[in-house]
Amino acid sequence: ASARGADAELSSVLAVAGSPQTRKRKRGGEASAAYDEQTAAVCEVLRRHVAAGAHEARPITLGDLLPPDRTDKAIAARTFHALLALATAGEFQVRQHGPFMPISILLA
């Protein structure tokens, strides 16, 4: 339930051409890696949905946010790319226990 609507939000964010401008995020008083405005917008959507699902028995997965049967492949790929950049920047923890297994997303 917490992931409901994430696919539409992410499609909307990613439908707009990415801005070449970058911005730096701060976590705990430390500057983290810079990333573009579109990735920052994806971060806000993901953060909101992952935080809303924090009370659930299992972590939110990429499949919960972007159901494969109704998500455009290009949107899924761009979201995944942004998620990896955000995980590298320390915004999220991303886990996959094996090939073709669900990709869990946790707040860092």
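Bear in mind these aren't lab numbers, they're just calculated from the coordinates by the rules spelled out. As the structure is a prediction and not an experimental result, all values here were calculated from the model.
A few remarks follow.
- Full-stretch length increase - Asp36, Asp69 - with 0.36 nm per residue and alpha-carbon distance subtracted: 9.0 nm
- Note that the stretch 36-87 shows a convex hull volume over its alpha carbon atoms of 76 Å³ per residue.
- ³J(HN,Hα), Karplus 6.51/-1.76/1.60, whole Hz, each residue of the stretch 90-103, x for Gly, Pro: x, 7, 9, 9, 10, 10, 9, 7, x, x, 6, 8, x, 9
- For the stretch 69-108, the alpha carbon convex hull comes to 79 Å³ per residue, rounded to a whole number.
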